[in-house]
């Protein structure tokens with residue numbers, strides 16, 4: 001028996017996992033249904049806080065919900081400003097029977113809409129049963145969103161790690177920073193109009209943060225969205 005083998009044998013006796021081969025964990029995710037985004041990010045990660053920001057963010061969310069609900073996954077949308085249009089969502093393929101729509105902006109008697117949205121999101125995550133929980137903060141002012149304490153984002157990021165749920169926030173710009181596992185920022189590049197009707201929207205995708213890959217700043221592909229996705 002060689003000395004090297006003898007040393008290895010002694011180490012393995014004391015520490016059985018010392019020479020175990022490390023296996024990178026396989027992260028689960030939900031495809032958005034937009035190939036350009038899915039190729040970059042492998043979809044929206046499960047057990048992670050994600051942010052979708054900028055122009056066209058609602059279009060990406062609706063595509064995600066359409067893909068997920070068609071596969072019989074249960075989703076929840078926390079609509080903080082009561083801006084969701086179920087008819088438009090259904091037209092692009094969202095199965096409303098698999099979507100819980102929580103309208104937070106209808107009553108301000110007990111809690112302001114922003115606080116309602118966070119409370120409801122917390123309850124939905126802790127209660128379980130939803131594959132995707134989306135929180136739409138799109139229509140709040142930057143002044144109000146800037147008041148969200150870092151501890152709030154940190155808590156959501158910590159809580160979601162324990163659940164088989166993808167947590168997605170829609171915002172004008174990123175706010176969760178390092179607490180997010182995925183941050184997508186979309187920028188408008190080109191609009192096509194037919195009279196007063198917007199028929200096509202071209203967007204540039206910027207991946208600010210992802211837990212799977214790092215991208216050079218030059219990698220910013222474009223996507224084109226049909227008019228019913230606006």
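When 100, 65 are checked against the criterion of being in a helix (DSSP H, G or I), in contact with a strand residue (DSSP E or B) (Cβ under 8 Å, 6 or more places away or on another chain) and either under 19 Å from residue 163 (Cα atoms) or without any contact (Cβ under 8 Å) to a residue 40 or more places away in the chain (or both), 65 stands alone in meeting it. Being under 19 Å from the mean Cα position of the chain (by Cα) and closer than 23 Å to residue 183 by Cα holds for only one residue in 99, 64, and it is 64.
Within the range 72-94, the set of residues being more than 18 Å from the chain's Cα centre (by Cα) and more than 16 Å from residue 170 (Cα to Cα) comprises 72, 86, 87, 88, 90, 91, 92, 93. Of all the residues in the range 149-176, those that are farther than 16 Å from residue 45 by Cα and either touching a residue at least 12 places away in the same chain (Cβ under 8 Å) or exposed (fewer than 13 other Cβ atoms within 10 Å of the Cβ) (or both) number 11. Checked against the criterion of being part of a loop (DSSP other than H, G, I, E, B), at pLDDT 95 or above and on the phi < 0 side of the Ramachandran plot, the candidates 130, 140, 169 yield just one match: 130. Residue selection: residue 81 satisfies the criterion of being at negative phi, surrounded by fewer than 22 Cβ atoms within 10 Å (Cβ to Cβ) and part of a loop (DSSP other than H, G, I, E, B). Of the residues making up the range 143-166, those that are part of a loop (DSSP other than H, G, I, E, B) and more than 25 Å from residue 98 (Cβ to Cβ) are 146, 147, 148, 149. For the range 94-125, filtering for residues that are modelled with pLDDT under 95, touching a helix residue (DSSP H, G or I) at 6+ places or on another chain (Cβ under 7 Å) and surrounded by fewer than 15 Cβ atoms within 10 Å (Cβ to Cβ) leaves 1.
The values are calculated or read from the model by the stated rules, or taken from the named source; none is laboratory data. Source: prediction; values computed, not measured. Every residue, glycine as well, gets a Cβ built from its backbone with ideal geometry; the counts of neighbours run over all protein chains shown.
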